[in-house]
Each structure stands twice: as C-alpha cells, then as structure tokens.
Amino acid sequence: MSDAASLRQAIPILRIFSVEKAKEFYCGFLGFAVDWENRFGEDFPLYMQVSRIGLSLHLSEHHGDACPGAAVHVEMSGVDAFHRAITATPYKYFKPGIEDAPWGARVLSVIDPFGNRLSFNEYKEAKAAG
C-alpha cells in the first residue's frame, strides 16, 4: 500500500426483510438512529443507514446486497452501560446477557429478526494496549 493510501471505517451491510421489524430492533431496542433512507422508487426495496455511538450499519432489503445470517464483531468500551441501556428497553423478543469470552473480552451478543448476529466486545486492558 502506498504512503498516500488510507483505510477508513468499514460499514457492514445487513440483509433485512421487514423495515418495521428492522426499525423496532435497531432503533427501538438497540437505540440506533436512522441517518438516512433510500429507495429508487415507491415500490422498491429500502436501503438505510443506522448509527449509534460511533458505529454505522447499512440495512438493506435489496436481494443481492447481503445474505441473512451475517456476523458483525464490534469492539467497544462501556459494554455494561450499553447492556443496561438496551435491557431497560421493553423488547420482548430478546433478553441478552454479557459473557466472559475465552479471547479476553466481555461480550454482549444479539441476533436481529433476520438472523444477523452482532457481538459487542469490550476487551480487557491487555488487548487494548496491543
């Protein structure tokens, strides 16, 4: 890679099948905000971006954009506070906990209504230091 090259944030694209269920899960439960929505016409699939505390995700109804059942690994700090915030939300379909993983992280895993898995990982100091 040349010195002029620069990599920036990767934004996962997750397949969804229902805008209502996606918004209920990502906005209502996880507390993401809808940044923007796009449709090519009235009766076309939705493509949208949601974000929360530095993480952006693209959610797509388009058939060819992604496969359901994706896994997204998110490194974060404050997993306990995040857990308290989302579990205080009345969402009857999922009640996640936090696990101590063998790779040295405290992990909060959630699965969206479309089978996509998001793992929020807070690493102990040894990982953070490099």
With a ≥ b ≥ c from the Cα gyration tensor eigenvalues, square-rooted, and the rule rounded for a/c under 1.5, otherwise prolate when a/b > b/c and oblate otherwise, the chain is oblate
Ile111: net charge of surrounding residues, Cβ under 15 Å, Lys/Arg +1, Asp/Glu -1, itself excluded?
+2
In the chain, lysine pairs with alpha-carbon atoms under 20 angstrom apart (chain gap of 8 or more, or interchain):
4
State, as an integer percentage, the relative contact order of the chain based on alpha-carbon contacts under 8 Å between residues 6 or more apart.
24
Take every DSSP beta bridge with both residues inside the chain and express the antiparallel ones as a percent of the total, to the nearest 5.
70
Report in % the part of the accessible area of the chain that belongs to carbon and sulfur, leaving out ligands and nucleic acids; probe 1.4 Å.
53
Just the number please: accessible area per residue for the chain, 1.4 Å probe, all protein chains included, in Å².
61
Mind checking the full-extension length gain between Asp3 and Tyr93? Use 0.36 nm per residue of separation minus the Cα-Cα distance, one decimal, nm.
27.6 nm
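The values are calculated or read from the model by the stated rules, or taken from the named source; none is laboratory data. The structure displayed is predicted, hence computed values, not measured ones. Cβ coordinates were reconstructed from backbone atoms using ideal geometry, including for glycine residues, and neighbour counts include every protein chain displayed. Remember, those area values only see protein heavy atoms, side chains included, never the ligands or the DNA or RNA. Shrake-Rupley method; radii C 1.70, N 1.55, O 1.52, S 1.80 Å.
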